[in-house]
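The values are calculated or read from the model by the stated rules, or taken from the named source; none is laboratory data. The structure displayed is predicted, hence computed values, not measured ones. FYI the Cβ positions are ideal-geometry reconstructions off the backbone, even for glycines, and counts take in every protein chain you see. We work out accessible area using only protein heavy atoms, side chains counted, and drop any ligands, DNA or RNA first. Shrake-Rupley method; radii C 1.70, N 1.55, O 1.52, S 1.80 Å.
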Amino acid sequence: LDVTLSPNPSLTFRTIGGILDFYLFMGPTPENVVQQYTEAIGRPHMPAYWSLGFQLSRWGYGSLDVLKETVDRMKHYDIPYDVQHFDIDYMERRLDFTYDKVNFAGLPEFMKELKKNGKHNVVILDPFITKDEEPGTYRPYELGQEMGVWVNNSDGVTPAVGQAWPPGDSVFPDYTNPRTVEWWTQLCLEFKDVLDYDGIWIDMNEPSNFMRGQRPGCADNEINNPPYTPSISDRSLSEKTLCPDSKTYLGEHYNTHSLFGWSQTEPTFNVVQQATGKRAFVLSRSTFVGSGKHGGHWLGDNFSQWKDLRRSVVGILEFNLFGIPYIGADICGFNYNTTYELCLRWMQLGSFYPFSRNHNAEGNSEQDPAVFGDAFAKISRATLRIRYSLLPYLYTLFYESHVHGGTVVRSLMHEFTSDQETHGIDTAFLWGPAFMIAPVLEEATRSVTVYFPEAQWFDYYTVLPSAWKKNYATVSAPLNKIPLYIRGGYILPQQAPATTTTESRLNPFGLIIALDEQGQASGSLFWDDGDSIDTIEKENYFLAKYTFSKVSGNV
């Protein structure tokens with residue numbers, strides 16, 4: 001199947017058969033459409049407060065010593081930073097449920113130390129398990145073999161064998177099988193006793209395989225080579241994954257391929273809650289309709305290029321439409337070496353992704369915000385402190401999304417639907433209804449053209465009202481500044497920032513009251529302990545609604 005959109009507007013479905021069910025969500029506003037859609041597919045999960053802090057990651061620290069140096073220089077510059085991710089180089093030879101006791105000797109103790117300092121840890125796990133370790137030495141494979149948890153070949157009996165990160169050949173857990181869920185749950189619970197994780201990052205779960213289909217190749221039949229193949233990699237359904245006629249518990253891989261990551265997300269969410277006793281953090285590379293109920297997403301392996309910086313705005317807007325508002329892109333770019341200016345502008349933009357993480361690929365130069373020297377660190381710190389001060393507002397938006405199902409980040413069109421000019425704008429975005437971010441997206445640029453829809457807008461930095469309404473304006477954006485605006489008529493809760501949310505949550509609150517032309521404003525604050533399970537369902541929270549009227553002068 002492929003679906004083509006045209007600007008007519010029209011949709012063209014090209015399919016070789018099957019049943020097409022259409023669900024129409026009538027709105028009438030774009031925000032209503034998303035609310036109705038998530039009512040059908042499942043509301044987004046409520047993230048833990050700490051997961052709204054800044055996060056650091058790198059594939060290729062290579063050793064605990066290098067990671068410690070990174071953590072130390074972040075501390076030296078006092079840059080806000082809540083979460084440390086551990087990519088596959090923490091593992092012993094890239095084997096799931098292990099850690100490298102040579103290069104990462106002392107990792108369990110180090111993770112405990114990070115937690116003592118108010119930080120949180122996220123470990124990566126891949127969905128392929130090597131079958132070629134010495135018998136009796138690698139329990140994840142042996143237990144899986146015993147329990148019969150793998151995706152099978154077309155015979156439905158022998159496991160599909162491919163190749164991925166670990167040495168030797170790999171087999172692939174079938175998460176649509178309840179036995180696999182038991183197996184995964186057991187291993188993740190046991191691993192918590194080895195590494196004290198707070199969240200799990202599930203990668204490569206398309207599922208990714210470094211071959212075209214499994215050994216010995218895909219049979220030439222109508223499932224593996226259907227009469228029509230959409231314009232995908234090499235025009236092959238098995239390229240870098242498994243053969244479509246492989247058997248999963250729910251049926252042929254042909255029908256369940258798109259559900260692989262989705263079927264892994266909920267069991268991972270459940271076991272993280274079980275293991276930690278706290279709200280789950282799950283980050284998945286592969287998502288499907290409804291994935292937002294149990295996980296977040298990042299936009300995959302991007303490049304350290306200006307066009308990828310720009311496209312990330314489109315990506316975060318799209319995933320909010322999909323009911324997956326916990327979304328971000330790899331800040332500074334994953335592939336290639338970044339540059340000073342690109343990384344600085346990306347740190348500014350990324351400070352306002354719902355999921356804000358700087359991540360980098362093996363073999364590339366370091367790009368954490370503390371590695372480029374004083375000036376860069378100071379600007380990153382200042383921008384992240386703005387994010388941290390507005391976290392009560394962002395957290396309240398996630399509460400509203402969880403309960404009512406709307407977006408957290410939205411386009412100007414969502415708020416100003418009748419203004420045609422907003423319909424094509426994908427270079428600026430809003431947090432909720434009231435906070436506009438207008439990032440610099442081009443190299444060697446020191447100003448931005450911003451469209452101000454019909455409303456009173458206040459410059460975040462000067463608190464001065466802007467002179468523009470329903471108009472474009474070129475605003476100054478020197479290297480140390482990302483243009484930010486508050487919409488009149490709204491009250492935004494804020495809190496004094498700190499270097500972790502563990503500390504900032506103890507700080508005094510404030511309100512930013514931005515009046516509309518009638519001298520009125522309203523807003524709300526949702527607050528709970530930040531990481532307990534089901535606080536909303538158990539009504540264990542504080543919710544304040546604020547209104548302000550200039551006439552009475554009262555909040």
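If the segment from Lys545 to Leu506 were pulled out straight at 0.36 nm per residue, it would be longer than the present Cα-Cα gap by 11.9 nm. Angle of helix 107-116 to the longest C-alpha principal axis of the chain, folded into 0 to 90 degrees and rounded to 10: 20°.
Rolling a 1.4 angstrom probe over the chain with all protein chains present gives an accessible area of which 51% lies on carbon and sulfur atoms.
Rolling a 1.4 angstrom probe over the protein heavy atoms with all chains in place gives segment 190-312 an accessible area of 42 Å² per residue. Net length available on complete extension from Val66 to Asp534 is 164.7 nm, with 0.36 nm assigned per residue and the Cα-Cα distance removed. When the helices of the chain are scored as -39500 (n - 2.57) per DSSP H run of n ≥ 4 and the total is divided over every residue, the value at 222 nm lands at -8000 deg cm²/dmol. For segment 45-186, the solvent-accessible area of protein heavy atoms averages 37 Å² per residue (probe radius 1.4 Å; ligands and nucleic acids excluded).
Relative protection proxy for 488-500, 182-194, 422-434, from highest mean packing down: 488-500, 422-434, 182-194 (other beta-carbon atoms within 10 angstrom).
Under the simplified labelling scheme, the Thr462-Ser258 pair shows an inter-label distance of 4.9 nm, with each label point 7 Å from Cα along Cα→Cβ. Placing unit charges on each Cβ (+1 for Lys and Arg, -1 for Asp and Glu) gives the chain a dipole about its Cα centre, and among Thr185, Gly168, Leu321 the Cα reaching farthest toward its positive end belongs to Leu321. Considering only Leu24, Asn121, Gly42, and ranking their Cα positions along the charge dipole of segment 15-164 that arises from unit charges at the beta-carbon of Lys, Arg, Asp and Glu, the one farthest toward the positive end is Asn121. Compared with the dominant principal axis of the Cα atoms in the chain, helix 30-41 is inclined by about 30°. Helix 260-276 and the longest principal axis of the Cα set of the chain meet at an angle near 70°. The modelled label-to-label distance for the pair Gln36/Arg139, using points 7 Å beyond Cα in the direction of Cβ, is 5.1 nm. For segment 177-259, the direction-averaged projected area of the alpha-carbon convex hull comes to 7.0 nm².
Basic side chains Lys and Arg get +1 at the Cβ, acidic Asp and Glu get -1 at the Cβ, and with that the dipole of the chain about its Cα centre reaches some 1540 debye. In the context of the full set of protein chains, residues of segment 391-458 present 30 Å² of accessible surface per residue (probe radius 1.4 Å, heavy atoms only).
A simple spin-label model places the labels of Asn471 and Ser365 4.3 nm from each other, with each point 7 Å out along Cα-to-Cβ. For segment 1-91, the relative contact order comes to 23 percent (Cα pairs under 8 Å, sequence separation of at least 6). Measuring between their Cα centroids, segment 292-335 and segment 519-545 lie 27 Å from each other.
For the chain, the relative contact order works out to 14 percent when only alpha carbon pairs closer than 8 Å and six or more residues apart are counted.
Structure note, pairs Lys131/Lys192; Lys192/Lys378; Lys240/Lys278; Lys112/Lys278: Cα-Cα distances above 27 angstrom occur for Lys192/Lys378; Lys240/Lys278.
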